[in-house]
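The values are calculated or read from the model by the stated rules, or taken from the named source; none is laboratory data. This one's a predicted model, so the numbers in the text were calculated from it and none came from an experiment. Cβ sites come from the backbone with ideal geometry, for glycine too, and all protein chains shown count toward neighbours.
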Amino acid sequence: MTRVVQLPEKLDTSAASKLLIDISANRGEPLVLDASCVRKIGALCGHILISTILTWRNDGQNLKLRDFEGIANDLTLLGLSEKFEIKDAHL
């Protein structure tokens with residue numbers, strides 16, 4: 001069963017610990033990161049997302065970023081758009 005993690009409005013430094021806990025709790029499971037509420041993403045949370053991508057790929061699990069339009073520009077500025085394959089948002 002695919003798990004869904006609802007991401008907060010601001011993925012800044014203050015959100016990093018909870019983001020890591022929420023994602024880590026779902027390791028080994030297919031995961032959807034729902035970014036529908038996100039309006040800002042900072043570098044630290046960006047690094048957590050990169051680590052998540054690599055971990056899920058290494059584990060052979062599916063990972064998807066859903067409803068990312070609000071942070072598409074931030075993902076590009078952080079150099080994450082290629083990592084997230086923004087064209088189809090499947091990881």
Within segment 33-47, can one find any residue that is touching a Phe, Trp or Tyr at 6+ places or on another chain (Cβ under 7 Å) and either free of Cβ contacts under 8 Å to residues at least 60 places away in the same chain or not in a helix (DSSP H, G or I) (or both)? yes
Within segment 17-34, is even one residue surrounded by fewer than 14 Cβ atoms within 10 Å (Cβ to Cβ), of a type in the set (Ser, Thr, Tyr) and at pLDDT 95 or above? yes
Is there any pair linking a residue in segment 50-68 that is modelled with pLDDT of 95 or more and surrounded by fewer than 15 Cβ atoms within 10 Å (Cβ to Cβ) to one that is assigned to a loop (DSSP other than H, G, I, E, B) and of a type outside the set (Lys, Arg), with Cβ under 9 Å and at least six apart or on different chains, and which? Asp59/Gly28
Result of the Cβ filter at 8 Å on segment 1-19, keeping first residues that are of a type in the set (D, E, K, R) and partners that are assigned to a helix (DSSP H, G or I), at least 6 apart or interchain, is Asp12/Leu44; Asp12/Cys45
Failed condition for Val4, given (1) at pLDDT below 95; (2) more than 16 Å from Glu82 (Cα to Cα); (3) assigned to a strand (DSSP E or B), with all others met? (1)
Could you please give the count of residues in segment 11-32 that are within 19 Å of Met1 (Cβ to Cβ) and not in a strand (DSSP E or B)? 9
